[in-house]
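The values are calculated or read from the model by the stated rules, or taken from the named source; none is laboratory data. The structure displayed is predicted, hence computed values, not measured ones. All Cβ positions, glycine included, derive from the backbone under ideal geometry; neighbour counts span all protein chains shown.
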Amino acid sequence: MGSQRIRQGQCADLVLNKNILLFHKCLSDKVNFLSFLTALTIQSVQLGPSTDLSEESCCYSCQEKWIGYQCNCYFISNEVKAWEDSRDFCVSHNSSLLQIQNRNELDFMKFSSSFYWIGLSYSEEHHAWLWEDNSTLSQDLLPLFHTVNPKNCIIYNPSRGALNEDCERTNTYICKQQFI
C-alpha cells in the first residue's frame, strides 16, 4: 500500500468515503493536500447540522457549483466583484446576496476564513442597515460595529465578524437561493 499512487481527485473520495487507510497518504502528498482541504471543507459544509433529508423534504437539487444546506442553495464565489456587481450576479442566478437568518446559517459559514459580501447595506432613507429584502438587521444575530458610513456595505467572516466596507471595493461573495 505504501507504493500506491493517489490521483489528485482521489483524496476527495477518500475523505468523503472515510477511507482511513489511505487518509494519511493524502496528508503527506503535497500535490494532494489542497484536494484534501477542499474535500474536508465540502464535507463539513455538506455534513453540518440537519443534513438528513427525507423523501418528504422541502429541499431541491442545486445548480452546478452551488451547495445545498437546509432547503437553500448557496454559491460561494472565488472571484471578486464590487457589491453591486455581486448582487447582480446573484440576481441573474435567481438568488440574492446572503441574508443570514438564523444561528444555523452562521454555523454553516464557519467553513471559511475569507470575507464575503452579504446582502446588507446602509439605507440613507431609513437611516439603518437593511437586507436586500428591506428587512432590518437583528443585532443579536449579527452584531455590527458602531461606525456608520452611508456609502458602505457589509463583508462577513465567521471568525472576525461583520465589517463596514466601501461598496466599490472588490470582495468574494455568497449568493443564496431560498426555496421556502
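Brief remarks follow.
- Residue among Ser113, Ser61, Ser92 that alone is surrounded by fewer than 19 Cβ atoms within 10 Å (Cβ to Cβ) and within 22 Å of Glu168 (Cβ to Cβ): Ser92
- Leu97 being in contact with a helix residue (DSSP H, G or I) (Cβ under 6 Å, 6 or more places away or on another chain) and under 20 Å from Gln177 (Cα atoms): yes
- The requirement of being in contact (Cβ under 8 Å) with a residue 60 or more places away in the chain, closer than 28 Å to Tyr60 by Cα and surrounded by 16 or more Cβ atoms within 10 Å (Cβ to Cβ) is fulfilled nowhere in region 126-134; no residue meets it.
- Some residue of region 66-80 being at pLDDT 90 or above and of a type in the set (Asp, Glu): yes
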